[in-house]
Amino acid sequence: MDHRVAIVAGGTGLVGSELVQELLIDPSWNRVYLLVRKPLEWTHSKLELILTDWEKPLEFPPGITDAFCTLGTTIGKAGSKENFKKVDLEYPSKFAKACKDKGVRSFFIVTALGADRDSFVFYNQVKGEVEAEISKLGFETLGIFRPSLLEGDRKEFRLGEKIGSKLAFLINPLLIGPFKKYRSVHAKTVAKSMLNLAWSGKTGKQIIESDQIQVLGSSSARANLDSIL
């Protein structure tokens, strides 16, 4: 646990960008590899970019201990259900298999609230399928994070999510008890919850629902991990 190396797929997206920033300031990780399609406009001493074509075999160095997958899109942005499945199912599965082949012990992925491969909702069905595929690989630690509506500063404007965010501000306080998991959650909180689970060293398969993400991603979580997990 003294020398940890992370690799991130989807590190330029809403949750991914928050995750990369958290990894870079966390002394628990000595190096961070980031799969990107093109170079970034900024650098960091701990960060190493790996230019990636997802249609080709994935190549990255040995010695990585923790993999984080925050790949994801919307059907609207993808343009079709086929393209959506490519980004949200095929690419994450390909990444996970490559990580397993490289000896990566821990894998952490963001899916969504309601993920279920038997769902009648296509979006939830695909999220459930990727969970099932990655669960077969036998990672020492598998963390699956199922956030509700994500809040944060997106690079692109999404009207539906802007409206949803405004409504969430009003509705969140009313969602109590078993309905707490439907509260919206900030991308930074999701990122911190992923890091805290990785940092904990807990093994096995862990499914973190949205209400638990809120707790695990809090500033005091590392001091209380035994009671949270």
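Just so you know, all these numbers are worked out from the coordinates, no wet-lab data involved. All values derive from a computational prediction rather than experimental measurement. A quick note on method: Cβ atoms are made from the backbone with ideal geometry, for glycine too, and the neighbour counts reach across all protein chains shown.
Among the residues of region 124-149, those identified as of a type in the set (A, V, I, L, M) and out of contact with any Gly (no Cβ under 6 Å at 6 or more places or on another chain) are VAL126, VAL130, ALA132, ILE134, LEU137, LEU142, ILE144. Checked against the criterion of being over 17 Å from the mean Cα position of the chain (by Cα) and of a type outside the set (Val, Ile, Thr), region 11-24 contains not a single residue that satisfies it. Of all residues in region 178-229, those satisfying the criterion of being without any contact (Cβ under 8 Å) to a residue 60 or more places away in the chain, under 18 Å from TRP29 (Cα atoms) and within 17 Å of the chain's Cα centre (by Cα) are SER193, ASN196, SER200, GLY217.
Run down VAL32, VAL104 and say which single residue is surrounded by 12 or more Cβ atoms within 10 Å (Cβ to Cβ) and either hydroxyl-bearing (Ser, Thr, Tyr) or assigned to a strand (DSSP E or B) (or both). That would be VAL32, the only listed residue that is surrounded by 12 or more Cβ atoms within 10 Å (Cβ to Cβ) and either hydroxyl-bearing (Ser, Thr, Tyr) or assigned to a strand (DSSP E or B) (or both). Taking the listed residues LYS85, LYS56, the one that is closer than 17 Å to ILE109 by Cβ and either out of contact with any Pro (no Cβ under 7 Å at 6 or more places or on another chain) or surrounded by fewer than 23 Cβ atoms within 10 Å (Cβ to Cβ) (or both) is LYS85, with no other qualifying. Taking region 55-71 only, how many residues are more than 23 Å from GLY201 (Cβ to Cβ) and either out of contact with any strand residue (DSSP E or B) (no Cβ under 7 Å at 6 or more places or on another chain) or among the charged types (D, E, K, R) (or both)? Going through region 55-71 one residue at a time, the tally reaches 5. Residue count for region 58-97 satisfying the condition of being over 19 Å from ALA198 (Cα atoms), over 17 Å from the mean Cα position of the chain (by Cα) and either of a type in the set (A, V, I, L, M) or part of a loop (DSSP other than H, G, I, E, B) (or both): 8. The residues listed here are VAL130, VAL110, VAL121, VAL87; of these, the one that is farther than 23 Å from LEU19 by Cα and among the hydrophobic types (A, V, I, L, M, F, W, C) is VAL121. Residues of region 104-120 that are of a type in the set (Phe, Trp, Tyr) and in contact (Cβ under 8 Å) with a residue 12 or more places away in the chain: PHE107, PHE108.
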